[in-house]
Amino acid sequence: MSAALRCDQTRAWSNLSTLHRDADARFDLRDAFAKDHDRFAHFSFEAEGILADLSKNLIDRGILDALLELARECSLEAQRDAMFAGEPINVSEKRAVLHTALRAPPGDFPFSAEVHGTLNRMLAFAESVRDPASGIRHIVNIGIGGSDLGPQMVVGALSGFIAPHLDVHFVSNVDSHHLEWTLRGLKPAETLFVIASKTFTTQETMSNAQLARSWFLSNGGIDTRKHFVACTTNVAAASGFGIDTTFGFRDWVGGRYSLWSSIGLPIAIAIGAERFRELLAGAHAMDRHFRDARIETNLPILLGLLDVWNRNFLGFASRSVAPYHQGLSRLPAYLQQLEMESNGKRVDRSGNAVSFSTSPVIWGEAGTNGQHAYFQMLHQGSDVIPVEFILVREPGTGDADAHRKLLANGLAQAQALMLGKSFEAALAEKTSAESSAEREAIAHQRSFPGNRPSTTLLIDALNPRTLGTLLAMYEHRTFVCGALWGINSFDQWGVELGKTLCNGLLPRFESGDFDGLDSSTASLLQKLRQGDPT
Ligand code: F6P
């Protein structure tokens, strides 16, 4: 692929700056809806079972057209095609980016035979563990980052599909309390440990894997080979650890894109082979949409363009994700890694510093919980933070009436952000004020500015297929932002320095050698060493 233009090198970028300057002070969502009764129809898009309502964002037709022009000038489609074609778009690691191959039908990609061979073996193993006759009741996944967040989020989201005799646990933190508290009450004979690590070198995972093995042996466990399996690209290291059963994958699967690979083993054990295939099929449907749909109707592209508008022109530094479904309570954490580790970069693919902002902070909570915590700030705080609501139409196994309450809450929050409440309306409300000055002061506190943007994503039901589609949409949207910004979304050098410094500090706990350390680190280390059993 020939070098694509970076967003700020395009004509569309300057057009967008002009549009922003002209529209900024005047754009009002309430007016926009009043002027265009079909605004919802004009700014909502549907694909593969996801309805994305963008109409409550601070955009008009001119802005959307200019954003689409930006996509064209940045050769977004060619960049996307290069990813699907397996070109080494992860330039700093000289790797292809082919997580899409993991969910493609047999024959679609060059690595297809290998991918499907591993998938079939992994699913057969998952089914054998799921069989109550296996005696396994607890799956303990030991992994961190992409080897934890994706599978943990999916297992939580699909709780209703988990075999009733199984409990699936996730241990990530090197703080050994995490493992200790998880293992309380578990029996080695009923427990299967899945050691999930792309590299099989990650400090946290290796430390927990060793502690898990000690726990297993010192609590009467007999055959570690039957109770420890590994999911990794580093089969040699897993076998060095004493694990015989290993499910591999290739280095072209990034950690945060790996739940579709053998890293998805705990998901497959929890929901079974057939449903795991449905998860993959849902993701593949979104892959096809992203690859084939025109940019004007392409969901990941439209959402990515909106993200760029919000971040680079409106200056919004964060995005709050509010899934109105308890099953999706770990989605914000998963998206934090997906978006912030992918696009939290300050230089482009050629190593030049960029002069614009990149990844926003992604954060959030399941609705309605967030409403009783930080929504106050979203409505009346000094910063404008776009909110992404995720609504699921069907109640699933939940109570239908409670589900309507949940949905009404989500809709109402989006409405409140947009409509706000005027000073005059607040002044007309009954209060305990004793003077007109006090009444006015209270009315100022009770009024809402409104005109605060939100996006609503609506899906029919939460099941393996729809979840797969939703997650693949988020992956591609992250790709779109990175491609427009001209950055490499597939490396993560920013986590390396801390790891190196940690390895340098560890021996100093024992040696007490503080040489060359700054006074803050040295003094804190000295205090931490007091009472250290070593
Ligand atoms: O430290 C960051 C990171 O490399 C993530 O990108 C990755 O998902 C995580 O660590 C875990 O890595 P591994 O799967 O190799 O243990």
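The values are calculated or read from the model by the stated rules, or taken from the named source; none is laboratory data. Being a predicted model, the structure only gives us computed values, none of them experimental. Note: ideal-geometry Cβ built from the backbone for every residue, glycine included; neighbour counts use all protein chains shown.
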Specify which of the listed residues (ASN488, ASN503) is within 16 Å of the ligand (Cβ to nearest atom) and part of a loop (DSSP other than H, G, I, E, B). ASN488
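Per-residue answers, yes or no, for (1) surrounded by fewer than 20 Cβ atoms within 10 Å (Cβ to Cβ); (2) of a type in the set (A, V, I, L, M, F, W, C); (3) within 22 Å of GLY468 (Cβ to Cβ):
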residue: ARG80; (1), (2), (3): no, no, yes
residue: LEU98; (1), (2), (3): no, yes, yes
residue: ASP108; (1), (2), (3): yes, no, yes
residue: PHE125; (1), (2), (3): yes, yes, yes
residue: ASP131; (1), (2), (3): yes, no, no
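Conditions (1) among the polar types (S, T, N, Q); (2) in contact with a helix residue (DSSP H, G or I) (Cβ under 6 Å, 6 or more places away or on another chain); (3) not in a loop (DSSP other than H, G, I, E, B), marked per residue:
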{"position": "LYS499", "(1), (2), (3)": "no, no, yes"}
{"position": "GLU510", "(1), (2), (3)": "no, no, yes"}
{"position": "ASP515", "(1), (2), (3)": "no, no, no"}
{"position": "THR521", "(1), (2), (3)": "yes, no, yes"}
{"position": "LEU528", "(1), (2), (3)": "no, no, yes"}
Pairs returned, first residue in segment 237-260 that is within 11 Å of the ligand (Cβ to nearest atom), second residue that is of a type in the set (Gly, Ala, Ser) and outside any loop (DSSP other than H, G, I, E, B), beta-carbon separation under 6 angstrom, 6 or more apart or interchain, are PHE249/SER262; GLY255/GLY145; GLY255/GLY146; ARG256/GLY146; SER258/GLY146; LEU259/GLY150
Just to be sure before I move on: is LEU183 of a type outside the set (Lys, Arg), more than 16 Å from the ligand (Cβ to nearest atom) and closer than 24 Å to LEU280 by Cα in the structure I sent? no
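The rows are residues; the columns are (1) assigned to a helix (DSSP H, G or I); (2) among the hydroxyl-bearing types (Ser, Thr, Tyr); (3) over 14 Å from the mean Cα position of the chain (by Cα); (4) over 30 Å from THR397 (Cβ atoms).
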{"site": "PHE290", "(1), (2), (3), (4)": "yes, no, yes, yes"}
{"site": "LEU302", "(1), (2), (3), (4)": "yes, no, yes, yes"}
{"site": "TRP309", "(1), (2), (3), (4)": "yes, no, yes, yes"}
{"site": "GLY315", "(1), (2), (3), (4)": "no, no, yes, yes"}
{"site": "PRO323", "(1), (2), (3), (4)": "no, no, no, no"}
{"site": "PRO332", "(1), (2), (3), (4)": "yes, no, no, no"}
{"site": "GLU339", "(1), (2), (3), (4)": "yes, no, no, yes"}
{"site": "SER342", "(1), (2), (3), (4)": "yes, yes, no, yes"}
Within segment 167-179, restricting attention to residues that are closer than 21 Å to LEU279 by Cβ and buried (at least 18 other Cβ atoms within 10 Å of the Cβ), which residue is nearest to the ligand (Cβ to nearest atom)? PHE170
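Among ALA12, ALA41, ALA34, which is the only one that is of a type in the set (A, V, I, L, M) and either touching an Asp or Glu at 6+ places or on another chain (Cβ under 6 Å) or over 23 Å from PRO386 (Cα atoms) (or both)?
On the way: ALA41 fails: either touching an Asp or Glu at 6+ places or on another chain (Cβ under 6 Å) or over 23 Å from PRO386 (Cα atoms) (or both); ALA34 fails: either touching an Asp or Glu at 6+ places or on another chain (Cβ under 6 Å) or over 23 Å from PRO386 (Cα atoms) (or both).
Within the list ALA12, ALA41, ALA34, the selection yields ALA12.
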Anything in segment 25-45 that is in contact (Cβ under 8 Å) with a residue 40 or more places away in the chain and surrounded by fewer than 14 Cβ atoms within 10 Å (Cβ to Cβ)? List them, or say none. ARG30
Given the options LYS499, LYS430, name the one that is of a type in the set (D, E, K, R) and under 30 Å from LEU259 (Cα atoms). LYS499
Residue pairs qualifying under the 8 Å Cβ cut-off, at least six apart or on distinct chains, with the first in segment 78-106 being within 12 Å of TYR257 (Cβ to Cβ) and the second being at pLDDT below 95 and of a type in the set (Phe, Trp, Tyr), are LEU98/PHE109; LEU98/PHE111; THR100/PHE109; ALA101/PHE109; ALA101/PHE111
Quick one: count up the residues across segment 124-153 that are within 15 Å of the ligand (Cβ to nearest atom) and either touching a strand residue (DSSP E or B) at 6+ places or on another chain (Cβ under 7 Å) or in a helix (DSSP H, G or I) (or both). 12
Between ASP307, ASP292, which is charged (D, E, K, R) and under 18 Å from LEU338 (Cα atoms)? ASP307
So, SER359, is that one over 23 Å from the mean Cα position of the chain (by Cα) and either without any contact (Cβ under 8 Å) to a residue 40 or more places away in the chain or within 30 Å of TRP493 (Cα to Cα) (or both) or not? no
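Matching residues to (1) more than 16 Å from the ligand (Cβ to nearest atom); (2) surrounded by 10 or more Cβ atoms within 10 Å (Cβ to Cβ):
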| position | (1), (2) |
| --- | --- |
| GLN492 | no, yes |
| PHE514 | yes, yes |
| SER519 | yes, no |
| LEU524 | yes, yes |
| GLN530 | yes, no |
Show the residue pairs meeting these rules: Cβ distance below 7 Å; 6+ apart or different chains; first residue within segment 448-466 and within 15 Å of VAL321 (Cα to Cα); second residue assigned to a loop (DSSP other than H, G, I, E, B) and among the polar types (S, T, N, Q). PRO453/ASN57; THR455/ASN57
If you go through segment 202-209 one residue at a time, do you hit one that is within 16 Å of the ligand (Cβ to nearest atom) and under 19 Å from PHE125 (Cβ atoms)? yes
Could you tell me which numbered condition ALA273 fails, if it satisfies all but one of (1) touching a residue at least 40 places away in the same chain (Cβ under 8 Å); (2) under 29 Å from HIS177 (Cβ atoms)? (2)
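Please tell me if ALA113 is surrounded by fewer than 16 Cβ atoms within 10 Å (Cβ to Cβ), in contact with a Gly (Cβ under 9 Å, 6 or more places away or on another chain), without any contact (Cβ under 8 Å) to a residue 60 or more places away in the chain and not in a loop (DSSP other than H, G, I, E, B).
yes
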Can we say THR500 is under 30 Å from SER357 (Cα atoms), among the hydroxyl-bearing types (Ser, Thr, Tyr) and surrounded by 13 or more Cβ atoms within 10 Å (Cβ to Cβ)? no
Scan (1) within 22 Å of PRO300 (Cα to Cα); (2) modelled with pLDDT of 95 or more for the single condition ARG95 breaks and write down its number. (1)
